[in-house]
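Scroll down for the structure; my scribbles are underneath it.
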Amino acid sequence: MVAATSAIFYLTPLGLSIRLCGSNANFAKYAGIKMNTVLIIAQALGGAIAGLGGTVEILGNYSRYQWTALTQYGFDGLIVAVLAHKNPLLVPIGAFMVAHMRIGANILNVNTSAPIEFVQMMQAILIILIAAETFLEKQRNPTNAF
């Protein structure tokens with residue numbers, strides 16, 4: 001999916017439209033791109049990828065669907081997206097980093113007396129700092145909109 005998404009984003013006119021609408025909506029409107037259509041297509045593609053991921057998760061791990069607990073995959077996906085900085089090629093690296101933090105927290109909790117909540121707080125602070133860099137980028141580099 002990383003290769004397919006990267007090919008769509010960087011090699012097709014649709015990908016250019018999606019990236020342009022996501023980075024500068026005013027310029028996209030000025031360029032004549034239909035924002036609503038592009039946003040609906042982007043959401044449909046994202047939903048299809050999420051549905052495919054859910055299908056692989058359920059069919060790969062279980063013989064039938066079992067509702068046991070909330071998995072928090074949506075929040076994990078948001079964290080990975082923030083870590084990837086809008087680049088689909090960096091998604092596997094971001095996912096590996098999040099998985100490494102989660103598994104490391106569990107191992108630390110089992111092998112030491114550090115509570116898992118402390119480790120989760122440290123993870124949250126790290127993710128907030130990375131997200132703050134992304135969200136405050138506009139304050140450092142203001143762009144002139146049309």
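The values are calculated or read from the model by the stated rules, or taken from the named source; none is laboratory data. These numbers come from a predicted model, not from an experiment. Positions of Cβ are generated from backbone atoms using ideal geometry, with glycine treated the same way; all protein chains shown enter the neighbour counts.
The C-beta contact set for the range 12-39 (first residue under 21 Å from residue 88 (Cα atoms) and outside the structural domain of residue 2 (by TED's automatic domain parsing), second residue part of a helix (DSSP H, G or I) and modelled with pLDDT under 90, distance under 8 angstrom, 6+ apart or interchain) is empty. If I filter the range 17-43 down to residues being under 17 Å from residue 87 (Cβ atoms) and surrounded by fewer than 15 Cβ atoms within 10 Å (Cβ to Cβ), which single residue comes out as nearest to the chain's Cα centre (by Cα)? For the range 17-43, the residue satisfying everything is 22. Taken together, the residues in the range 1-51 that are closer than 22 Å to residue 73 by Cα and outside any helix (DSSP H, G or I) amount to 1.
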